[in-house]
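For reference, the structure discussed in these notes is given below.
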Amino acid sequence: LKDIDGNEVNIADLATNGKITVLNFWATWCIPCKKELNNIAEMYEDWQEEFDVELLAITIDNSRQLTKVPGVVMTKGWEFEVLSADQNEIQTALNFQTIPQTFLVDKEGNIVYSHSGYVPGDEFELEDHIREEAEK
C-alpha cells in the first residue's frame with residue numbers, strides 16, 4: 001500500500017499493531033463508499049477513545065483518479081489514515097469483488113468480520129462488532 005504522499009506502507013504492520021483495526025476499501029467515484037466513510041468519521045473519535053480502534057481507508061482508485069484523493073479527504077475532513085492500493089492485487093489478496101468493503105481486524109491481525117456494500121446504519125453494526133472485540 002501507499003500513503004497519501006506516495007510512501008510505501010506494509011498493511012501487515014498496520015493490522016498487527018495491537019489495536020482493533022477497521023480496513024475500509026473505497027474509491028473517489030463510489031458514492032456509497034463516501035457516504036459510509038462520512039458516517040464512520042462522525043463516530044471515529046468516540047471509537048478511538050472507547051475501543052482504541054484504528055481506521056484505515058484504502059482507496060482502490062487508479063493512478064489517474066488518485067490525484068483526486070487528497071482533495072476528497074480535505075473536503076470531507078476525514079481524520080483517519082488514507083492509503084491507496086492496486087485494485088487487482090488487493091481484491092485478489094483479500095478475496096472481495098465490490099466496494100465499499102469493510103474488514104474488522106482483531107488485535108492479533110485476524111479478520112473477524114467483513115461487510116460488502118453500504119446502507120445507512122451499517123456503521124452501527126460495525127460498532128457492535130468493534131465492541132465485541134474490545135471486550136475480549
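The values are calculated or read from the model by the stated rules, or taken from the named source; none is laboratory data. What you see is a predicted model; the values in this text were computed from it and never measured. Positions of Cβ are backbone-derived with ideal geometry, glycine not excepted, and every protein chain shown enters the neighbour counts. With ligands, DNA and RNA removed, areas are computed over all heavy atoms of the protein, side chains included. Shrake-Rupley method; radii C 1.70, N 1.55, O 1.52, S 1.80 Å.
Within region 51-65, restricting attention to residues that are in contact (Cβ under 8 Å) with a residue 40 or more places away in the chain and either charged (D, E, K, R) or open to solvent by 10 Å² or more (accessible area, probe 1.4 Å) (or both), which residue is nearest to T92 (Cα to Cα)?
Initial filter on region 51-65 (in contact (Cβ under 8 Å) with a residue 40 or more places away in the chain): 51-54, 56, 58.
With the extra rule that they be either charged (D, E, K, R) or open to solvent by 10 Å² or more (accessible area, probe 1.4 Å) (or both), the set shrinks to 51-52, 54.
Numbers: F51: 30, D52: 29, E54: 23 Å.
Ranking the qualifying residues of region 51-65, first place goes to E54.
State yes or no: is A85 touching a residue at least 60 places away in the same chain (Cβ under 8 Å) and among the aliphatic types (A, V, I, L, M)?
yes
Considering region 51-97 alone, what residues qualify as being acidic (D, E) and under 14 Å from W29 (Cβ atoms)?
First pass over region 51-97, keeping only residues acidic (D, E): 52, 54, 61, 79, 81, 86, 89.
Answer for region 51-97, where residues must be acidic (D, E) and under 14 Å from W29 (Cβ atoms): just D61.
So if I check each of K136, K107, which one is among the charged types (D, E, K, R), farther than 24 Å from N10 by Cα and assigned to a loop (DSSP other than H, G, I, E, B)?
Details: K107 fails: farther than 24 Å from N10 by Cα.
One residue alone meets the criteria, K136.
Being in a helix (DSSP H, G or I) and hydroxyl-bearing (S, T, Y) is the filter; apply it to region 69-93 and report the residue that is modelled with the lowest pLDDT. Outline the logic, then answer.
We begin by selecting, within region 69-93, every residue in a helix (DSSP H, G or I); these are 69-76, 87-93.
Narrowing further to those that are hydroxyl-bearing (S, T, Y): 75, 92.
Values: T75: 94, T92: 86.
Result: T92.
Return yes when Q48 is of a type outside the set (A, V, I, L, M, F, W, C), open to solvent by 50 Å² or more (accessible area, probe 1.4 Å), touching a Leu at 6+ places or on another chain (Cβ under 9 Å) and within 17 Å of H129 (Cβ to Cβ) and no when it is not.
Working: of a type outside the set (A, V, I, L, M, F, W, C): yes; open to solvent by 50 Å² or more (accessible area, probe 1.4 Å): yes; touching a Leu at 6+ places or on another chain (Cβ under 9 Å): yes; within 17 Å of H129 (Cβ to Cβ): yes.
Yes; evaluated as a whole, the condition is true for this residue.
Looking at region 96-131 only, could you name the residues that are of a type in the set (A, V, I, L, M, F, W, C) and either closer than 21 Å to A85 by Cβ or surrounded by fewer than 16 Cβ atoms within 10 Å (Cβ to Cβ) (or both)?
Step one: list which residues in region 96-131 are of a type in the set (A, V, I, L, M, F, W, C), which gives 96, 99, 103-105, 111-112, 119, 124, 126, 130.
Passing the criteria: F96, I99, F103, L104, V105, I111, V112, V119, F124, L126.
Considering each residue of region 12-41, count those that are in a helix (DSSP H, G or I) and in contact (Cβ under 8 Å) with a residue 24 or more places away in the chain, and give that number.
Final tally of qualifying residues: 13.
Just the residues that are under 14 Å from Y118 (Cβ atoms) and surrounded by 18 or more Cβ atoms within 10 Å (Cβ to Cβ), please, taken from region 1-40.
Within region 1-40, the subset under 14 Å from Y118 (Cβ atoms) is 22, 24-27, 30-40.
Residues satisfying the conditions are V22, N24, F25, W26, A27, C30, C33, K34, E36, L37, I40.
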